[in-house]
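No lab work stands behind these numbers, since they all come straight from the coordinates. Please read these numbers as outputs of a predicted model, since none were measured by experiment. Virtual Cβ from ideal backbone geometry, glycine too; neighbours counted across all protein chains shown.
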Amino acid sequence: MARFLRFSANSLRLLLPSPQNPNPSSSSSSSLLKTLTPSPRPLLALSPRSFLSDPGPSPSAFDDRLLRLLRSEISYLAGHLPPLPPPNRFRSFSVEDHPGEQWIRLRCAHGADEVKVDATMFDGAAAVPDEPLFKRVEAHERGPRLHISLVVEVSRGGGGDEGEGEPSVLEFICSAWPDSLVVHKVFPLRKKGAAVRPYMGRDFKELDAGDRRSVVEYLEERGVDDELAEFLHEYMVNKDKSELLRWLRIVESYVQK
């Protein structure tokens, strides 16, 4: 420690002016600075390529394989199972399709009534019944019994009890099977100030047989019947092809960007 202090004092004397040596030697100070200052380390040599702009990733082998699969599927569906142009009418109903969505709307007028039918695409299938083996084999060969959900609204202008001039609406919740239409619920609605959760009445099957028959006849007079259910199934088979092709082409366009 004493030697270090002596070394520091001698170094300072070399740097600081004194009466005998008002201008210290530049050579002495420079040699001292060289002693105290660490020598800089050489910088690593950087390749000029590291400063070039990155051209971005090239399409991977996975992308190429996916594109081939997509194009093969599109070619097969468009060539062997092409969708037909969808009809825009069925009997007295006009058909409003919504490409890219899973539902359609049908409208018609029946006297003073306006009938609106909203139908989903296939949203379920009937369970295979627990029957003898040969019955289950037959059901398998026929294919699944697909289900379509319907909401039917029958509206009529002219005052009801809730307000003069306000249309009254009857709403029916139904199921469309390939060969039949089944009603589940019937309840009245108001267009204005409708309840958030309206009372929907009893299940349709719990009504008296005469009441059930009256409701079915009411709908049949307005074109909501088994033939409409059959038409909807044919329409949705075709729509399913159209929507699948549309989806495949959107995915193809995204992958090839």
| From the backbone phi of the range 74-85, what are the Karplus-calculated ³J(HN,Hα) couplings (6.51 cos²θ - 1.76 cosθ + 1.60, θ = phi - 60°) in whole Hz, Gly and Pro given as x? | 4, 4, 5, 5, 6, x, 9, 10, x, x, 8, x
| J(HN,Hα) series, the range 102-112, from Karplus relation 6.51 cos²θ - 1.76 cosθ + 1.60, nearest Hz, glycine and proline x | 9, 7, 9, 10, 10, 9, 7, 10, 9, x, 7
| Long-range HN-HN contacts of His110 with modeled amide H, under 5 Å | Val115
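Based on the Cβ-Cβ distance of Asp208 and Arg249, what FRET efficiency does E = 1/(1 + (r/R0)^6) give at R0 = 30 Å, to the nearest 0.05?
Numbers: r = 53 Å, r/R0 = 1.75.
Approximately 0.05, to the nearest 0.05.
Can you sort Tyr254, Tyr218 from fewest to most other Cβ atoms within 10 Å of each residue's own Cβ? Intermediate values should be presented prior to the final figure.
Values: Tyr254 9, Tyr218 16.
Listed from fewest to most nearby Cβ atoms, that is Tyr254, Tyr218.
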